[in-house]
Each structure stands twice: as structure tokens, then as C-alpha cells.
1. Report the paramagnetic label zone for T37: residues of region 133-174 whose backbone N is under 14 Å from a point 7 Å from Cα along the Cα-to-Cβ axis.
2. Using a 7 Å offset from the Cα along the Cα-to-Cβ direction at both T102 and E187, what is the distance between the two label points in nm, to one decimal?
3. Which one of Q31, A166, N111 is farthest out on the positive end of the charge dipole of the chain, using unit charges on Cβ (Lys, Arg +1; Asp, Glu -1) and the Cα centre as origin?
4. What's the local net charge at L39, with K and R +1, D and E -1, over the other residues with C-beta under 12 Å away?
5. Considering only the chain, what is the antiparallel percent among its DSSP beta bridges, to the nearest 5?
6. Please give the charge dipole size of the chain, origin at the Cα centre, charges +1 on K and R Cβ atoms and -1 on D and E Cβ atoms. Round to the nearest 20 debye.
7. In the chain, with Lys and Arg counted as +1 and Asp and Glu as -1 at Cβ, which of these residues, T361, N148, P47, has the Cα nearest the positive end of the dipole, that is, farthest along it?
8. About its Cα centre, how strong a charge dipole does region 96-236 have in debye, to the nearest 20, once Lys and Arg get +1 and Asp and Glu get -1 at the Cβ?
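What follows draws every value from the coordinates through simple rules; no lab data is involved. Just so you know, these numbers come straight off a predicted model, no measurement behind them. Glycine gets a Cβ as well: all are built from the backbone with ideal geometry, and neighbour counts include every protein chain shown.
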Amino acid sequence: MLPQGKQEFQSGGKGAWSDVPAAAWDDWTWQMRNRITTLSQLDALMPLTTREREGFRATENRLSFAVTPYFFNLIDRENPNCPLRRQVIPAAEENLTSPEETADPVGEEKNSPVPGIVHRYPDRVLFLTTDRCACYCRYCTRSRLVSNARGYDFRPQLEAGLQYIASHEEVRDVLVSGGDFLLLSDEKIDYVLSRLRAIPHVEFVRIGSRVPVFLPQRVTPSLCEIFKRHGPIWLSLHVNHPKECTRELAEATERLAFSGVVLGNQSVLLRGINDDESVMRKLVHRLLTLRVRPYYLYACDRINGSAHWRVPVDRGVEIIRSLRGWTTGYAVPQFVIDAPGGGGKIPINPNYVEEILPDGTIRMKNYLGNEFLYT
Ligand SMILES: *Cc1c(COP(=O)(O)O)cnc(C)c1O
Ligand code: SF4
């Protein structure tokens, strides 16, 4: 089944795995078992730069390396600046820590009443259920625990988390994340969702997942049936570049949407990936045709070894300005900075208000820069 939009979505195909039967290729467990996880495996598949080779030092004590065959085939092997390549293949700069960087830049540890729960806002919690992901994003804000390269030894304590939520009546919204919750088995996902939905004060469940992007094969009809049973479910994808919007992702989001899952997207503003008006415009347009509403654009958190990713905040503001009014309002994400140390997400907006006069009249500018008064 293909989306009914007019956009053409490409598939990366089977590439170096052309002899693998379609039934295996389309099986998410095959994709997981056949992930590329070492420098020598990667070396055999593509020419690597010195910078990338040196990056592999960071995989031992910072964040593991893994890429699914599906996602690998989307990478341009001849172009070291390929935006998909750079997101998943380590780089030498990851070994450098800048003074402003820390292992827990948004202070999740200090807002964690039980392991796996981050309770920062009054009415909702973040529930971390695993430290595994299908592929590892080199800028990951949670790399202190994700992949366990640092020996953090995160053990998801599902029962402790569920009990915390059940005993806190103010929690009406649970954001299930990790790692990636969708890497758990159907049985476990079904179990966690039914336990959460059985708590009277939990109004709905949200999931943050990059699995549809790295491993769209995981979005099986049986998983979608589980979501249908436990809805309303809101799911935030994490797509950073239009090249991630493939035919396989389009099929996955269609299945999710037809199962009643409400889809959003979170992107991270990354230097050389999407810090460009035309790239971002293409991304948000493609997302809408995938039935995905752009939700947040994050300034890159100050995680250790991420200085090479960060973009000046005013560039983010300019990118939002280039969208607002110039394209569909649904296409415009909210640009946010997750405040260092645990202040939560703070919206950063272009300023359209010039002045508020003593009589309450507001002097403002529209997207074209024309001035208006509203009394
Ligand atoms: C991002 C986040 C949420 C959800 O925030 P929304 O603005 O409602 O999407 C909740 N808890 C924590 C700890 C978060 O980081
Ligand atoms: S998928 Fe999310 S949690 Fe996993 S490595 Fe990427 S950013 Fe981190």
C-alpha cells in the first residue's frame, strides 16, 4: 500500500544484500540480527575517511555504533558529507569534550524519582523502558545510558515505573521512550500499554521512537493492532533530513495512521544536516505528506562530544522565520531549547511584536515585514 499523496518516495533497496530473500529483508528481526556494528564490517562495505576511523574510538566508551542494513543502503558511500551517513557513523570530533558539555545536559538524573522515570513537568512523565536503539545517533542527548557504552548499566525497571505512575494521580500523560520502546517484543509492548491504559488518571500514552526511520519493518500489522487496541496513542518520530523519508517509512506511517496513531516529528537542528532553509522546507513538506505533523525542532543539547553539531541559535530562529507564513502552518515546528540542568523545553520564536503601546495597542510585523496595528 502506497501513500496517496503525490510525492514520490524512493526506496534504498537491498543493495549489498541483494541475495537475501525479501521475506528476510522485510523481517525486522533479520534487520536487527544483521546490523553492522563494527569498524571492520563497515570497512568491508564502504570507503571510510580518517575522521570516521578515528571516530570509532568513541564507540568504546561513549556510544556504540550500529546501523541496520535498511538504513545503511540510504547512505551515499561516496560522499563523506552525506547527511544520513554523518548521523550514524562516528566522527573523530566525538572524542573531544568542550567545557560547556556534560553527560546529562538536560538534568534528567536529578528529576528521576525512580530509575527510568523522569518527572519534570507537573502533569506528565517520561518513562524510559530500554537502553537499546536500532541505530545510534551520534549526537544522542541520552548517550550516557543509551547502548551502555559508558557502563551506566541502565536496567529498565518497568514495574517500579508503572507503580510510580499508578501512585501519582497528577500524571495524565506518559511519554514512553528509551532507547527505543518499539524494539521490545509485541508481548512486552502490549503489556506496558495495557498496564498504563488501566491506570484511571492516565488519559493517553505517547511514544517517542526512531524505529520507523531506522527499522520501518518493525511497524508490522500486529504492532499496529496493539496500538489500535490501546489508543489514543500519539507517536513522535525523529526525522532530521528529507532523505530519511523513504517509501518504507511512508508505508509505515500509513499503517500507523490507519491504526489511529497520531503522528508528530521531532528534529534536532544539526550543523551540515538540516541547518538550511531549503532542506528544512523539503523535510517539513515531506512529513506532511507522510501524515506527520512537525512538532519540535530542538537546539542540539550540550552532550559530551557534540560541539561539531551545534548551530547558532539565531540560525534556528531564521529557519523558523523562513517557514512561518511562507508555507502551511501545520508544517512549522516549535523551535525549543531544552534548558541546561533540567529547566524543561523553552520555546524560541522569531519576534513579530515590535511594541505594545500604553493603550494596549500592539505594533507588529507580518511574515513579509509589513507593519500592522491591533488595538
Ligand atoms: C520533552 C519532555 C516531556 C514532554 O514535553 P512536551 O512539551 O509535553 O512534549 C516530558 N517530560 C520530559 C522529562 C521531557 O523531556
Ligand atoms: S534513536 Fe533517539 S535515543 Fe536512540 S540514539 Fe537516536 S536520539 Fe538517542
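1. Counting backbone N atoms under 14 Å from the label point, the list is 133-136, 147-149.
2. It works out to 4.1 nm between the two label points.
3. Q31
4. -2
5. Approximately 35 percent, going by the DSSP bridge assignments.
6. Magnitude of the dipole: close to 400 debye.
7. Among T361, N148, P47, the one farthest towards the positive end of the dipole of the chain is P47.
8. 300
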